[in-house]
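Visitor: After the structure tokens below, expect a handful of questions from me.
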Amino acid sequence: MTGRVVLLGCGFVADLYMRSLAAMPGIEVAGVHDLNAARLKTFCDFWKVPAKPSFDALLNDAPDALVLNLTNPHAHYETTRACLMAGRHVYSEKPLAMTVEDARELHGLAERQGLILASAPCSVLGEAAQTLGHALRTGVAGTPRAIYAELDDGFIPQAAFTKWLSESGAPWPYQDEFRVGCTLEHAGYYLGWLIGWFGSVRTVVAASAEVIPDKAGQGPFAPDLSVATLFFENGPVTRLTCSIVAPHDHSIRVVGDKGVLSCNAAWDNSAKVRFARRMTVRRRLMESPLPRRVRLPGPTHPKVKRWGAAAMNFMLGPAEVLEALKQGRPCRVGGDFALHMTEVTLAIQNAGEHSGAQAMTTRCDPMEPMPWAK
């Protein structure tokens, strides 16, 4: 793997990219820029990467580098658009934009410019997601009939989040997190898997609400709880929950004709995938209490040790963009995939109490498996 990247923004999440970069030899950070000069200096001194004094300098000093847009979510549209207008490929932190209209505009602009516009999260490219995808394709559980996926993080407003610091000392941006909302921030971790396996969501039936008032910081705040039922064009009906209310649960269960495939940690690339066969014991129908682990036959991708709540290689996405450019092929997490995931996520986030069934207007094909997962 070879290539160069530049970082636009060096807040809390940027440290997770830098930790992951250490596991990806051959990818060089050619520059970093942030509007906060003090934060920029601290970050670049800590990671020993070159600071750039302006947005123009960041782009001009490394014209061949992929831009990693790690800015505040509300700035994603404006900053990504500027990068695309400058003729640069972009890998954006989630969400691609705060509205479907803005995301659609960015998608169209990238297509017209012949550029890749890709979106986090990239856990769909990780071992756990690819292992579960392989199990689905090979019929380990038979035909999948329903999926339950949970992205609940506990009662976060009572956590000691003001003490959460990144490796280089950036505070967890709790005001942004509460304003953007847990659905926009987190739904993609399983939506990416699901869309990668099955392709387009046809209809979203969802509800969302703010059930914890008076959170820290200045509102208005986004919903802190959402529940969605997803109807795929070619896949099983899925229920997806996101919250910063319910006890921590990052599990996914795929119910098939033969039994249940499961994984308990969306934020761990090495999380175990298990299969519990369905059986009848003394007239009682049950899944095996001793599920077997499902594995891929060979080596997969570089891993990153756990830090905080996650054990994810955040550089799998940028590496995929660089490989796609090198090989002259479509990017797995770019284009239609990035736009469709944004539309579905926003439909869930903004559902409220009365939206009912929402027909999706974007489409994407299932994702080509990683070479080591075929």
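The values are calculated or read from the model by the stated rules, or taken from the named source; none is laboratory data. Please read these numbers as outputs of a predicted model, since none were measured by experiment. Here the Cβ is made from the backbone with ideal geometry for all residues, glycine too, and neighbour counts use every protein chain on show.
Visitor: For the subset of the stretch 315-374 comprising residues that are charged (D, E, K, R) and in a helix (DSSP H, G or I), which member is farthest from Ile116 (Cα to Cα)?
Guide: If we take residues in the stretch 315-374 being charged (D, E, K, R) and in a helix (DSSP H, G or I), then Glu343 is farthest from Ile116 (Cα to Cα).
Visitor: Please note which strands (runs of 3 or more DSSP E) are completely contained in the stretch 213-266 and include at least 3 residues that are surrounded by fewer than 16 Cβ atoms within 10 Å (Cβ to Cβ) and modelled with pLDDT under 95. Walk me through it before giving the result.
Guide: On the way: elements: 225-232, 237-243, 252-256, 259-263.
Strands (runs of 3 or more DSSP E) meeting the threshold: none at all.
Visitor: Which of the following residues is assigned by TED's automatic domain parsing to the domain that holds Phe221, surrounded by fewer than 14 Cβ atoms within 10 Å (Cβ to Cβ) and among the hydroxyl-bearing types (Ser, Thr, Tyr): Thr362, Thr345, Thr280?
Guide: After applying the criteria, what remains is Thr280.
Visitor: Quick check on this structure: which one of Leu132, Leu106 is in a helix (DSSP H, G or I), surrounded by 20 or more Cβ atoms within 10 Å (Cβ to Cβ), of a type in the set (A, V, I, L, M, F, W, C) and in the same structural domain as Val255 (by TED's automatic domain parsing)?
Guide: Answer to the check: Leu132.
Visitor: Here's a check for you: in the stretch 175-212, which residue that is outside any strand (DSSP E or B) and surrounded by fewer than 18 Cβ atoms within 10 Å (Cβ to Cβ) is nearest to the chain's Cα centre (by Cα)?
Guide: Asp176
Visitor: Within the stretch 329-336, can one find any residue that is touching a Pro at 6+ places or on another chain (Cβ under 9 Å) and not charged (D, E, K, R)?
Guide: Yes: the stretch 329-336 contains one or more residues that are touching a Pro at 6+ places or on another chain (Cβ under 9 Å) and not charged (D, E, K, R).
Visitor: Now a separate question. Condition test on Thr138, is it among the polar types (S, T, N, Q), touching a strand residue (DSSP E or B) at 6+ places or on another chain (Cβ under 6 Å) and more than 22 Å from Leu68 (Cα to Cα)?
Guide: Answer is no for this residue.
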